[in-house]
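A quick write-up on the structure given underneath.
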There are 2 protein chains.
Amino acid sequence: MTEETRRPGRRRGSGESPQTREAILEAALAAFEEKGYTATTIRGVATAAGVDPALVMHFFGSKDGLFDAAIRGPGMPLRRLRDVFEAGPLDGLGERLIRRYLSIWDDPVAGPRLHAVMQAAASSPAAGGILKDFMVAEVLQPLAEHVTGDDAETRAVLLASQMIGVAITRYVLRVDPMAALTTDQLVTAVAPTLQRYLTGDLGL
Amino acid sequence: MTEETRRPGRRRGSGESPQTREAILEAALAAFEEKGYTATTIRGVATAAGVDPALVMHFFGSKDGLFDAAIRGPGMPLRRLRDVFEAGPLDGLGERLIRRYLSIWDDPVAGPRLHAVMQAAASSPAAGGILKDFMVAEVLQPLAEHVTGDDAETRAVLLASQMIGVAITRYVLRVDPMAALTTDQLVTAVAPTLQRYLTGDLGL
C-alpha cells in the first residue's frame, strides 16, 4: 500500500513520533472541552487526531492516562503560574499571582481549556485525583519552595483555596457580582488575602 | 385490589402526601450521593422511594426538577448557615461562619450529602445552574442583607469564594496540608479573610 492509497483519516507516516503524541493530546483536550469527560472516548480522540485507537492505547493506556498526559503537557495553562513565583520576590507575589491567574482564565484559548479540565476532574474521581496530583506536584510544591518556614505547604494550599474559589464563582458558576468585577477590582480585593497566606501571621 | 394485594415496592396509600414527596427527595439525595448525577434516574429514585415513576414525574417533572427540589428542601445542609448570620452581629461573623461551615462538612450525614450536591452541580451544567440559583437566593442574598453598604453583594460572593475553595481543597480533593489542619487552625487562618470581605476595606 503506497502513501497515496492509505485509508483516509490516518496520519501519514506518523508512527510514534512526538508530533503524533502531541496531536493526540491536543485532540484529547479539545474533546474534554467539547463533550465533557464522560462522553470522551479513546476512539473519538483517535479519529480526531487521525490515528488508530490502538496507538492511543499504546501511548496512554486508558482515558485516565490520556487525561494525566494532557494536563501534564505544555498545553496545560496552569503551568504559566510557575514563572510568576520563580522569577520574582515574595513581596507582592499575591498580587502578581492573582493577576496572572485571571489573565489565564480570561484568555480565549486557555480559559475554556482550564474550565474543561476542572469539569473533568469534578465528574470523575479518577480524573479528580489526577488533577490534584498535578496541582500538588507542579504548582503547590514549587510554590512552597519559594515560601519561608515550616508551614510553607499549608500557606501554598490556603492560597490555592482562594484562587480555586475565585475561578469557580467567577468563571464556572459566573455569580453576578463576582463576574462583573473588573480585573483590577478583583485583584485589589483578593491580593491582600493571598499575600497574608504567603507571608502574614496565620496564627498557626 | 385491596391494600394487601398491591404490588410490592409501592408505598401504601401514599398518593400525593407531603410524606411521599419528602421520601422521594430523600431517595433522590441518596441516589445523587451513591451513584452520581449522571447515573441517577427517575426510575431508580422511584423504586428506592417505593413509588411509581409517574408520581416522581408528576411532582418534579425531570431529574433537574428533582435536583432543584432536593437542594431547596430541609435536607440541604447549607441552610444551617443562615441562622449564623441571622442571629448574630457582623463583628466576628467571619469566624462564626467558617466554624459552622466546617461543622457541616465534618458531619457524617451532611458532609457526604453536600459533597454529592457539589459533584452533581459540577457534572451537569443544568444542575450547576440550579445550585448557583439556590446559593444566590438562599445564602448570598440573605447574607448580603446583613452586610452594610452598596457593595454588600460583592462582599458576600467574595466570602463564598473562600468558603468554596476551602471545601474543595479540604473535603473534595483532600489536599494533604489542608485536610490535616485542625478545625481551630483552619478557623484561625481563614476567619480574618472572611471578616475582611464582610467589613474590611476592600479598596473597591
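The values are calculated or read from the model by the stated rules, or taken from the named source; none is laboratory data. Computed from a predicted structure; not experimentally measured. Every residue, glycine among them, receives a Cβ derived from its backbone with ideal geometry; neighbour counts consider all protein chains shown. Please note that ligands, DNA and RNA were not included when accessible areas were found on the heavy atoms of the full protein model with its side chains. Shrake-Rupley method; radii C 1.70, N 1.55, O 1.52, S 1.80 Å.
Table for the structure above
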{"quantity": "Cα gyration tensor shape for region A:77-199, rounded if a/c is under 1.5, else prolate or oblate", "calculated": "oblate"}
{"quantity": "Efficiency of FRET between B:S17 and B:L204 - r from beta-carbon atoms, R0 56 angstrom, step 0.05", "calculated": "0.65"}
{"quantity": "Chains B and A, summed buried accessible surface - 1.4 Å probe, Å², nearest 100", "calculated": "3000"}
{"quantity": "Relative contact order (%) - criterion: Cα under 8 Å, at least six apart; region: chain B", "calculated": "21"}
{"quantity": "Residue-by-residue Karplus 3J(HN,Hα) for region A:148-163, coefficients 6.51, -1.76, 1.60, Hz, glycine and proline x", "calculated": "8, x, 5, 9, 4, 5, 5, 4, 5, 6, 4, 4, 4, 4, 6, 5"}
{"quantity": "Selected from A:V84, A:M163, A:P177, residue furthest toward positive end of dipole (region A:77-199; charges at beta carbon)", "calculated": "A:P177"}
{"quantity": "Proximal lysines to A:K63, defined as alpha-carbon separation beneath 18 angstrom and excluding residues fewer than eight positions away on the same chain", "calculated": "A:K35, A:K132"}
{"quantity": "10 Å Cβ shell holding at most 12 others, DSSP loop, trypsin sites (Lys or Arg not before Pro): longest site-free stretch of chain A", "calculated": "A:13-204"}
{"quantity": "7 Å along Cα→Cβ, label-point gaps from A:G65 to other copies, nm, shortest first", "calculated": "4.5"}
{"quantity": "Rounded to the nearest 20 debye, dipole of chain A from Cβ charges on Lys, Arg, Asp, Glu", "calculated": "700"}
{"quantity": "The protein assembly as shown: C-alpha gyration tensor shape, a/c 1.5 cut-off, then a/b vs b/c", "calculated": "oblate"}
{"quantity": "Segment A:D184-A:S103, extension gain: residue separation times 0.36 nm, minus the distance between their alpha carbons", "calculated": "28.0 nm"}
{"quantity": "Separation of the B:T148 and B:F59 label points, Cα + 7 Å toward Cβ, nm", "calculated": "4.6"}
{"quantity": "Cα centre as origin, Lys/Arg/Asp/Glu Cβ charges: the protein assembly as shown dipole, Debye", "calculated": "1280"}
{"quantity": "Accessible carbon and sulfur surface of region A:106-204 relative to its total accessible area, %, 1.4 Å", "calculated": "52"}
